Amino acid sequence: MLSYDEAIKLVLDNIAPLPAVEKPLDEAGGLVLAEAINARWDMPPADNSAMDGFAFDFNSWSAATALPVIGRSYAGHPLNESVPSGSAVRIMTGAPLPDGCDTVVPLEQVEENGDSIQLLKGCKPLQHVRFAAEEFHRGDLLLQTGTCLRAGEIGLLAAAGIARILVHPAPKVAILSTGDELVDLGEQPGPGQIVNSNLHLLSARLRESGAEVIPLGIALDDEADLDQRLQLGLQADLLLTSGGVSVGDKDQVQDAFVRNGFEKIFWKVAIKPGKPVLFGKIGPQPVFGLPGNPASSAATCELFTIPALRRLAGHQDPLPPRLKVRLAAPVKGGGKRQTFLWGSLHPESDGYLFTASNRQGSGQNRSLQRANALLPVAVDSPDLESGTLVEVLLMRLPAGEGIY
Ligand code: AMP
Ligand code: MG
């Protein structure tokens, strides 16, 4: 049986980033740049003041003399005349430095007497000036292709006047839930029925990771219904099913994939939970059959589907980020498959402590309550004592106890 490392390599080797599309900058948050961006102009465009204060020529100033104030320069209202040596202008933050000035003193360090100023303390040449192009020069590389655009990158591109950019679009992920026992959220389950909770967990997690989710509803464990609903998902960038991929009498998802042109890449990986995970392609479309048990479908989504999604979205490192943390409590080893334990991180003075959830049952949604990391435990690992340094796969960092 494939190991996780072998299986995830097959997933990533079989998926390419989606073709780039042009988007307005404001629609590109969270997306990945598909082009390098160079500056179209200098920033700042001209020398300007970093403080509210007075500007003058440093060499014409001496501690003994007062400087007459001959004008004002405001942001958006520059003083368009040269300032004679030995005089000053009132200047506000962001206002261009007039010709003849190279130094600014803050308002608080000046005594104003009618139309002249006296400096209350010494100053240094060129102080409190932001120089033309000190942030970037026209032609400078601002962002590399492959950069994920967050608020900071969007602000930088806006300052550089970049209104439209090439990005990889958000992948569309179709999710088909399977099982005769499932009812939609909002319905009262009858005898033997349960709510289709996987759809909601998977949708929430995939959206957090940048997907547009297309729910395909619940397919009965029935050939015709499975085929009909699968067809609805074949236009998406990635198709995901939950349930019906193990060896049970009613597990018909793989057969349904095959009837629709499936090229199997793997079925079953030596992991716990999530062993029956199925991966392949229908035409160019990557397709996952995730197991039905809630903690298994969530773990395989984390371990396989989110990296696949991130590869489609153009991320340079699609694998889950890893973080070194210490165990808050002992963890049992000795497993015959690589085991992934759900758990939560808590900040401590010099890092994070990981506490494994005390409900790891793959059938339980409660395994994932408060979970923000998965701990991989190797095949035949010894028992791990509390305090052991381990590496977890990070879903998100806690914002701090009590915050959420
Ligand atoms: P299966 O792989 O279809 O045999 O399902 C394994 C277990 O997961 C069964 O207990 C199912 O009832 C449960 N299950 C399957 N699909 C879902 C779902 N969408 N939401 C919640 N539980 C599910
Ligand atoms: Mg089923």
ask   = Which one is surrounded by the fewest Cβ atoms within 10 Å (Cβ to Cβ) among residues in the stretch 178-194 that are within 14 Å of ligand 2 (Cβ to nearest atom) and of a type in the set (A, V, I, L, M)?
value = Ile194
inquiry  = Consider the stretch 31-68. How many of its residues are assigned to a loop (DSSP other than H, G, I, E, B), touching a strand residue (DSSP E or B) at 6+ places or on another chain (Cβ under 8 Å) and modelled with pLDDT of 95 or more?
reply    = 13
task = Evaluate the stretch 264-276: report whether one residue or more is of a type in the set (A, V, I, L, M) and under 22 Å from Arg205 (Cβ atoms).
result = yes
task = Exactly one condition in (1) outside any helix (DSSP H, G or I); (2) without any contact (Cβ under 8 Å) to a residue 60 or more places away in the chain; (3) of a type in the set (A, V, I, L, M, F, W, C); (4) away from ligand 1 (no atom under 11 Å from the Cβ) is not met by Leu185; state its number.
result = (4)
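Which residue is nearest to ligand 1 (Cβ to nearest atom), if the candidates are limited to the stretch 238-282 and must be of a type in the set (Phe, Trp, Tyr) and within 30 Å of Gly333 (Cα to Cα)? Even if it seems obvious, please write down each step before you answer.
Restricting attention to the stretch 238-282, the residues satisfying the condition of being of a type in the set (Phe, Trp, Tyr) are 257, 262, 266-267, 279.
Among the residues that remain, those that are also within 30 Å of Gly333 (Cα to Cα) are: 266-267, 279.
Working: Phe266: 17, Trp267: 13, Phe279: 16 Å.
So the residue we want is Trp267.
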ask   = Of the conditions (1) buried (at least 19 other Cβ atoms within 10 Å of the Cβ); (2) touching a residue at least 60 places away in the same chain (Cβ under 8 Å), Met1 fails just one. Which one is it?
value = (1)
task = Among residues belonging to the stretch 188-221 that are touching a Pro at 6+ places or on another chain (Cβ under 8 Å) and within 14 Å of ligand 1 (Cβ to nearest atom), point out the one that is farthest from Thr147 (Cα to Cα).
result = Val195
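Taking the stretch 228-253 as the region of interest, how many residues are closer than 20 Å to Gln285 by Cβ, out of contact with any Lys or Arg (no Cβ under 6 Å at 6 or more places or on another chain) and of a type outside the set (Ser, Thr, Tyr)? Outline the logic, then answer.
Applying the first criterion (closer than 20 Å to Gln285 by Cβ) to the stretch 228-253 yields 228-245, 252-253.
Restricting the remaining residues to those that are out of contact with any Lys or Arg (no Cβ under 6 Å at 6 or more places or on another chain) gives 228-235, 238-245, 252-253.
Keeping just the survivors that are of a type outside the set (Ser, Thr, Tyr) gives 228-235, 238-240, 243-245, 252-253.
Looking only at that region, the number is 16.
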task = Restricting attention to the stretch 105-119, report how many residues are outside any strand (DSSP E or B) and exposed (fewer than 13 other Cβ atoms within 10 Å of the Cβ).
result = 3
note = Gly210 vs (1) out of contact with any Gly (no Cβ under 8 Å at 6 or more places or on another chain); (2) away from ligand 2 (no atom under 16 Å from the Cβ); (3) assigned to a loop (DSSP other than H, G, I, E, B): all pass except (1)
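Going by the structure shown, is Lys332 of a type in the set (D, E, K, R), more than 18 Å from Glu6 (Cβ to Cβ) and either at pLDDT 95 or above or not assigned by TED's automatic domain parsing to the domain that holds Leu182 (or both)? So that I can check it myself, show each step before the final result.
On the way: of a type in the set (D, E, K, R): yes; more than 18 Å from Glu6 (Cβ to Cβ): yes; either at pLDDT 95 or above or not assigned by TED's automatic domain parsing to the domain that holds Leu182 (or both): yes.
So Lys332 passes the test.
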Restricting the stretch 284-300 to residues that are part of a helix (DSSP H, G or I) and of a type in the set (Gly, Ala, Ser), the residue that is surrounded by the fewest Cβ atoms within 10 Å (Cβ to Cβ) = Ala295
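Tell me which residues, restricted to the stretch 58-107, are of a type in the set (D, E, K, R) and without any contact (Cβ under 8 Å) to a residue 40 or more places away in the chain.
Going through the stretch 58-107, the residues of a type in the set (D, E, K, R) turn out to be 72, 81, 90, 99, 102.
Residues satisfying the conditions are Arg72, Glu81, Arg90, Asp99.
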task = Considering only the stretch 237-266, state which residues are part of a strand (DSSP E or B) and within 16 Å of ligand 2 (Cβ to nearest atom).
result = Leu240, Thr241, Ser242
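Could you say which residue among Leu290, Leu341, Leu327, Leu323 is under 19 Å from the mean Cα position of the chain (by Cα) and either within 16 Å of ligand 1 (Cβ to nearest atom) or modelled with pLDDT of 95 or more (or both)?
Going through Leu290, Leu341, Leu327, Leu323 in turn, the sole match is Leu323.
The values are calculated or read from the model by the stated rules, or taken from the named source; none is laboratory data. Model, not experiment: these values are computed from the prediction. Cβ coordinates were reconstructed from backbone atoms using ideal geometry, including for glycine residues, and neighbour counts include every protein chain displayed.
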